Amino acid sequence: MMRWAVAALLWFFAVEFAAADWPQFRGPRGLGVASDKNLPTTWSDNDHLLWKTELPGPGASSPIVVGAKIFVTCYSGYGVKADDPGDIKNLKRHLLCLDRNGKILWNRTVAADVPDHEYSGYQVLHGYASSTPASDGKRIFCFFGVAGVVAFDLDGKQLWRQSVGHNTHSWGSAASPIVVGEHVIVNASVESGALVALRTTDGRVAWTQKGVDYSWSSPLLLESQGRKEVLISLYQRVAAYAPDTGKELWRCTGLADYVCPSLTHVGETVFVVGGRPNTSIAIRAGGNGDLGASNLLWTVKRGSNVSSPVYYDGHFYWASESRGTVHCVNAATGAIVYDERLEPDPDTIYASALLADGKIYYVSRTRGTYVIQAGTKFKQLAHNTFASDRSVFNASPAAIDGRLLLRSDRYLYCLGATR
C-alpha cells in the first residue's frame, strides 16, 4: 500500500503542471486512440496498481480527465442488486470528482423527476449510468436519460439541467454526449427520437433533429471537405449534421438494424459496425443530400453488436461482443486480415477497444482485460484480472499521462509503472 501511495504522489506532482485531458467517451477525438507511451501491459491486485477507489454505486460509463481532476458517474438507491432492486423512486445518479491520487473530492447526485424503466431485461446488464460525461474544460456535462442533461462546474456546482425527453426503453439509455463549440450534442433516440444540441452556457435547446431511431451510438465529430460534421449511426442510415444549426448535410445507407457501437474514421473513410447481422461497412464521408449507397466503399460480413472499433496503420480492429473473437480488416479494401479468439474465453465484451502505445486493450465484462499487439499478425500479449474484484467491467478504459484508468461496478483503478 505504501508503494502505491508513493508512486501515486510522484505521479500527481509530475502531471500537475502538464496535465493532458481525456474529455469525453473514447478520448479527445472520440476514436479510442491515445498517444501515451509506456502503458502497462500486465497488472493484477499486486502489480502495476497505483491506486483503486471504491465507488458509491455501479455504472458502465468511462472516466474522463480534465486537468488534475478525474470524473466518473455511477448510480445508487435502486437496481444495484438484481434479486432485490428496491424502489425505483430511490434511484439517483452520481457525478464523482477525484484527484489524481484517487481521492474523492466531491459527489453530486441527480434524481429523475419521472420514472425510469424498471430494472429488468437488458437494463440489468448495464444499469442507469452508462453515458460517459463530456467536458469543454470549464464544465462537465452528464447525460442521465430521463433525468436529463446536467451541467456542473469543475468544483461541483450544478449550473443547469435540461430534459431531452421522457421516453424509456427496456435496453436503457447509453449514448454519450460530445461538445462541439458552444453546444453539447446528445443522442436522445430513446428519450425523444432526436439528436439534440444544448447551449453549453445555459442548457437551452439550440436545435433538434427528429427521426433518430433505434440508436444507442454516440455522435462523432469529423471535418470533411473543409466543414465540420456531426455524424451518427442510425437504423438503416448514417447521417451528418451541421453542428451549429442541426441542418442535415447528407445521409447514406447504413446498417439494417439497431446500432450501439460508435463510428470511427480515418480521414474521410468512416467505419460503421453494429446490429445483429454481423455486418460492417465503410463509407466515404462528405457530400450533400441523400447519397443512398453511392458512397459505400465496401461491406464485410463481420461485426459487433456493442463494442466500438479502433483504427491503426491502415486497418480497423474490434471485438465481437459475444463470440470471444477479435477482428482486423484492411481499411482500404475491407479484406479480412484476421479473426482470432481470445484466450481464455472472454465470454462477453461490452467495452470499446482502446489503442495505445502499439497495443489494443479489450475489456471483458467478467473475465478480465486482454492486451493485443497492434498489427496485422495477431499476438495476445497478456490477460489481466483482479482476483479481489469479481464485479462487472462494462466501461471502456481511458489513457492519460502514461496511466490507464479502468472502472468496474465497484472500483475505479489507476494502473501504471510503480517504480
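The values are calculated or read from the model by the stated rules, or taken from the named source; none is laboratory data. None of the values given here were measured: they were computed from a predicted structure. Counting neighbours? That spans all protein chains shown, and the Cβs are built from the backbone with ideal geometry, glycine included.
One residue stands out in the stretch 273-291 among those that are surrounded by fewer than 16 Cβ atoms within 10 Å (Cβ to Cβ) and out of contact with any Lys or Arg (no Cβ under 9 Å at 6 or more places or on another chain): the one that is nearest to residue 221 (Cα to Cα), namely 288. Within the stretch 147-162, is there a residue that is under 28 Å from residue 321 (Cα atoms) and not in a strand (DSSP E or B)? No; the residues of the stretch 147-162 include none that is under 28 Å from residue 321 (Cα atoms) and not in a strand (DSSP E or B). Among the residues of the stretch 300-342, the ones that are of a type in the set (Val, Ile, Thr), surrounded by 14 or more Cβ atoms within 10 Å (Cβ to Cβ) and within 19 Å of residue 267 (Cα to Cα) come to 2 in all. When residue 345 is tested against (1) assigned to a loop (DSSP other than H, G, I, E, B); (2) surrounded by 16 or more Cβ atoms within 10 Å (Cβ to Cβ), just one condition goes unmet, and that condition is (2).
Checked against (1) under 17 Å from residue 219 (Cα atoms); (2) in a loop (DSSP other than H, G, I, E, B), residue 141 meets all criteria but (2).
Note on the stretch 247-276: among residues that are among the aliphatic types (A, V, I, L, M) and assigned to a strand (DSSP E or B), the one that is farthest from residue 312 (Cα to Cα) is 249.
Of the residues that make up the stretch 378-387, is at least one farther than 23 Å from residue 80 by Cβ, assigned to a loop (DSSP other than H, G, I, E, B) and of a type in the set (Gly, Ala, Ser)? No: the stretch 378-387 contains no residue that is farther than 23 Å from residue 80 by Cβ, assigned to a loop (DSSP other than H, G, I, E, B) and of a type in the set (Gly, Ala, Ser). Residue 212 meets the conditions (1) buried (at least 19 other Cβ atoms within 10 Å of the Cβ); (2) of a type in the set (Val, Ile, Thr); (3) not in a loop (DSSP other than H, G, I, E, B) in every case but one. The failed one is (3).
The condition of being out of contact with any Pro (no Cβ under 9 Å at 6 or more places or on another chain), more than 29 Å from residue 158 (Cα to Cα) and assigned to a loop (DSSP other than H, G, I, E, B) does not hold for residue 244.
Residues in the stretch 39-54 that are acidic (Asp, Glu) and either closer than 15 Å to residue 94 by Cβ or assigned to a loop (DSSP other than H, G, I, E, B) (or both): 45, 54. Give the residue that is nearest to the chain's Cα centre (by Cα), with candidates limited to residues of the stretch 103-127 that are touching a residue at least 60 places away in the same chain (Cβ under 8 Å) and surrounded by 21 or more Cβ atoms within 10 Å (Cβ to Cβ). Only one residue fits best here, namely 126. Any residue at all in the stretch 382-394 that's at pLDDT below 95, among the polar types (S, T, N, Q) and buried (at least 16 other Cβ atoms within 10 Å of the Cβ)? Checked against the condition, which is being at pLDDT below 95, among the polar types (S, T, N, Q) and buried (at least 16 other Cβ atoms within 10 Å of the Cβ), the stretch 382-394 yields no hits at all. Filter the stretch 226-272 down to residues that are over 19 Å from residue 174 (Cα atoms) and touching a residue at least 60 places away in the same chain (Cβ under 8 Å) and give me whichever is surrounded by the fewest Cβ atoms within 10 Å (Cβ to Cβ). Here the answer is 244.
For residues that are polar (S, T, N, Q) and in a strand (DSSP E or B), scanning just the stretch 366-377, find the one that is farthest from residue 336 (Cα to Cα). Among them, the one singled out is 369. Does residue 251 satisfy being closer than 16 Å to residue 330 by Cβ, touching a strand residue (DSSP E or B) at 6+ places or on another chain (Cβ under 8 Å) and of a type in the set (D, E, K, R)? When the stated conditions are applied, residue 251 does not pass them.
Screening 112, 82 for residues that are in contact with a helix residue (DSSP H, G or I) (Cβ under 7 Å, 6 or more places away or on another chain), closer than 22 Å to residue 408 by Cβ and of a type in the set (Gly, Ala, Ser) leaves exactly one candidate, 82.
Within the stretch 191-208, being of a type outside the set (Gly, Ala, Ser) and either over 15 Å from residue 177 (Cβ atoms) or surrounded by fewer than 18 Cβ atoms within 10 Å (Cβ to Cβ) (or both) holds for 199, 201, 202, 204, 205, 208. Scanning the stretch 194-223 for residues that are among the hydroxyl-bearing types (Ser, Thr, Tyr) and under 21 Å from residue 25 (Cβ atoms) yields 200, 214, 215, 217, 218.
Of all residues in the stretch 30-47, one or more are more than 30 Å from residue 267 (Cβ to Cβ), touching a residue at least 60 places away in the same chain (Cβ under 8 Å) and in contact with a Leu (Cβ under 6 Å, 6 or more places away or on another chain).
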